[in-house]
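What follows is calculated from the coordinates using simple rules that are stated; it is not laboratory data. Since this is a predicted model, take the numbers as computed values, not measurements. With ideal geometry, Cβ positions are generated from the backbone for all residues, glycine too; neighbour counts draw on all protein chains shown.
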Amino acid sequence: MIHPEIIVRVTDIAVVAESIKQFTFERVDGGSMPVFAPGAHIVVSMDDQGKLRRNPYSLMSSPSDSTSYQISVLRVVESRGGSAFMHEHVDVGDTMTISHPIDLFPLHATAKRHVLIAGGIGITPFLPMMEVLNESGQVFELHYSMRSRRRGAFLSELERRYGSRVSAEVDDEGGRLDTRKLLIDQPLGTHIYVCAPLPMIDLVFGVARELGWAEENLHREVFLAPPAGTPFYTNLAKSGTTVYVAEHQSLLESIEAAGIDVPYLCRGGACGQCETTVIDFDGQLMHHDIFLTDDENVSGTKIMPCVSRFVGASLTVEL
Amino acid sequence: MAMIFHDETYRDDFSFHNSPESIRRYPFPFHEDSYMYAINMENHLPGKPGSSYEHPIDVDEHYVSEMRDRAIVLNEDPKRCQALPHMMAAQWDTLELLMTNKARSYPDLFTLERNGDLWHWINQPLGIDDTFVFGDQSTLPYEPMEYITRQAQGDFCIVDQRNDTLWMDAGMVTCQADWSLDFDIGMNFMEWHAPVPMAHELGIFDRALKFLMNVQQGRPVRRLNWTMTVNPRLDTSPENYHKWGPDKTTVTAQNIGSKLHLRCELQSFWRLPRSNALLFPIRQYLISLNDIATIPKWACRMHRVLTTIPDSIAEYKGFSRNRQLALDFLAPFDDGRELTLGGEPE
Ligand code: FES
């Protein structure tokens, strides 16, 4: 088993903002949760009427609390099921399976200053980050963009705790993050961290690059939701089997359902871990990841099964 | 069976020796008949009872004497233990990982009681009984990494992960195979591997780096590395080359069996939880050719491997001078028979 798991019980569910629920997990065996670094996420496995779903969620609880983990889930309207399942089918007392923490969004140990930029539900990894930065006396500021205050989970709590280090940009009050102004004033040694929908990340990174920021000072976390699409078959050459990918299932999930382990970390098209070689296809690869380069996409030799799909007559991958 | 710790030395009279059980549990690194430079990573899962892999952090009969040797080295050269300032969280991570693993694997030897941040640690073999506050370094006699690695066999490096690479930013290095922490500290992965011949051209380090950066919490990995050392000396550092370098000229056909030692390194890699750094324990196991010769498969296998090693590698590993003597010693054990794959002694 390449992904050791932890069996947990849901001990609390709270509505923390419009369409956002917070879940608390404790170990069923009563043991303590693995310590985690701020920025880490877990993968939650869901048994959705016999269908396995696995979604990544940032850990938002205190890293110093080893009794439980907390995540927050935004109910996505056009969700293919993961967030809807968490909102509608998970109750206090339920047992679930989660992964060990995986950290793809760590704080930079030698940064002089940390600028955190959150968009909507992207606030979650910043909660433990701010706690750790605050405790260790490091310099940071948070810029939190949201559609409306009703959707701004944890905002008042953060303002109370961190005061002027928190600023909110609220869409329906006409607020807007002035990225250029924010970045132009930053001293050398500043690192920026963005957790937000992809367009917002692109915007911030675009401005930063224009201003000549070094790539190593830019950090982002985004979990792309695997899009739904027309069902298709995929031949797995090494395993000598064929899997059916249903409309609301990812290729990765359907391969896992066949009992075949594929390495993954983010399950959201960003980390590159699930990269799979395409041996042959007749049709069109629908790349949805942000890992492969344009050239690689055109070459048709690779696919990221966590988010990408296929349309056409036949697809064979190396797995 | 209770562990009996040897009282032995790794310098001067070199009284280090392996018991027959210790020979059989040796992590013999040659799994096939020819030599290939490869970074063969595998999951660091518990191995067979009695093997060096049984517990994630291995403690053996040499524990007490190895720790004594470390204290001597540190006394002469405190720079063998260094940590850059941003590594404090990783130091505590390391202390926690080593204490919890040892207490779990060897409850007769080590105990850890945790009451919130108040920790009580008993190390029975070394006669240590300390109470301290986790996270408060003023409550320990040394910084956390030094404190716990003065009680743990093998060298330890802690590497930070940033800018898409790994940085050697802390370590306790007193029994290394000819590299220097003081020289490498603050270097990145490619810089500190620069001296290894061939591997760069093969692209091995690019792949290894990518692999290591993806090592996840709860899923440590390991690999074996090896070299040869004349006399069972742990401290073969460049700083002390003048002490051990000349030993190489003392090997003769008569004494090679007791003088030349295979030095296997069991390297494991652990993602640390608070700091997201990687802990990299490098555990050395020494065994003389005479001891290897008690396991016919190993002596035969080693003869074949040494025959196929490229000169540049023999040079890098520092045994080209004594290679022929070693081959002569091992040749009688190689009767051409077929050997099973793997490092098991059978
Ligand atoms: S698992 Fe990260 S890109 Fe697919």
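Among the trypsin sites (Lys or Arg not before Pro) within segment B:285-346, which fall in a DSSP loop and have no more than 12 other Cβ atoms within 10 Å of their own Cβ? Don't skip to the end; give the middle numbers.
Working: sites: B:Lys297, B:Arg301, B:Arg304, B:Lys317, B:Arg321, B:Arg323, B:Arg337; in loops: B:Lys317, B:Arg337.
Sites meeting the loop and neighbour criteria: B:Arg337.
Across the residues of B:272-281, average count of Cβ atoms on other protein chains within 10 Å?
On the way: counts 2, 10, 7, 6, 12, 3, 0, 0, 0, 0.
That works out to 4 on average.
Using only alpha carbon pairs under 8 Å that are at least six residues apart, calculate the relative contact order of segment B:24-333 and give it in whole percent. Numbers along the way, then the final one.
Values: 508 pairs, mean separation 65.4, N = 310.
Result for segment B:24-333 is 21 percent.
Run the quick spin-label model on B:Val133 and B:Asp7: label points 7 Å from Cα toward the beta carbon, then report their separation in nm to one decimal.
Result: 4.0 nm between the two label points.
For peptide A:103-113, compute the average count of partner chain beta-carbon atoms within 10 Å of each residue's beta-carbon.
Numbers: counts 7, 3, 1, 6, 4, 5, 15, 8, 2, 0, 0.
That average works out to 5.
If you restrict to DSSP beta bridges whose two residues both lie in chain A, what percentage is antiparallel, to the nearest 5?
Working: 46 of 70 bridges.
Counting DSSP beta bridges with both partners in chain A, the antiparallel share is about 65 percent.
By a straight-distance test (C-alpha under 30 Å), which lysines pair with B:Lys243 as possible cross-link partners, with residues fewer than eight away in the same chain excluded?
Counting by Cα, and skipping residues close in sequence, B:Lys243 has these lysines nearby: B:Lys79, B:Lys259, B:Lys317.
Show me, for segment A:188-193, the HN-Hα J-couplings you get by feeding each phi into the Karplus relation (A = 6.51, B = -1.76, C = 1.60, θ = phi - 60°), rounded to Hz, glycine and proline as x.
Once θ is set to phi - 60°, the couplings for segment A:188-193 become 4, x, 7, 10, 10, 10 Hz.
Need one value for A:129-138: mean number of C-beta atoms belonging to other chains within 10 Å of its residues' C-beta atoms.
Values: counts 0, 0, 0, 2, 0, 0, 1, 3, 0, 0.
Counting other chains' Cβ atoms within 10 Å and averaging over A:129-138 gives 1.
Could you please rank A:Val204, B:Val133, placing first whichever residue has the fewest other Cβ atoms within 10 Å of its Cβ? Intermediate results must be reported in sequence, preceding the final value.
Working: A:Val204 24, B:Val133 13.
So the ranking, lowest neighbour count to highest, is B:Val133, A:Val204.
Could you line up A:Ile279, A:Ile42, B:Ile256 from fewest to most neighbouring Cβ atoms inside 10 Å? Don't skip to the end; give the middle numbers.
Values: A:Ile279 15, A:Ile42 24, B:Ile256 19.
With the fewest neighbours first, A:Ile279, A:Ile42, B:Ile256 line up as A:Ile279, B:Ile256, A:Ile42.
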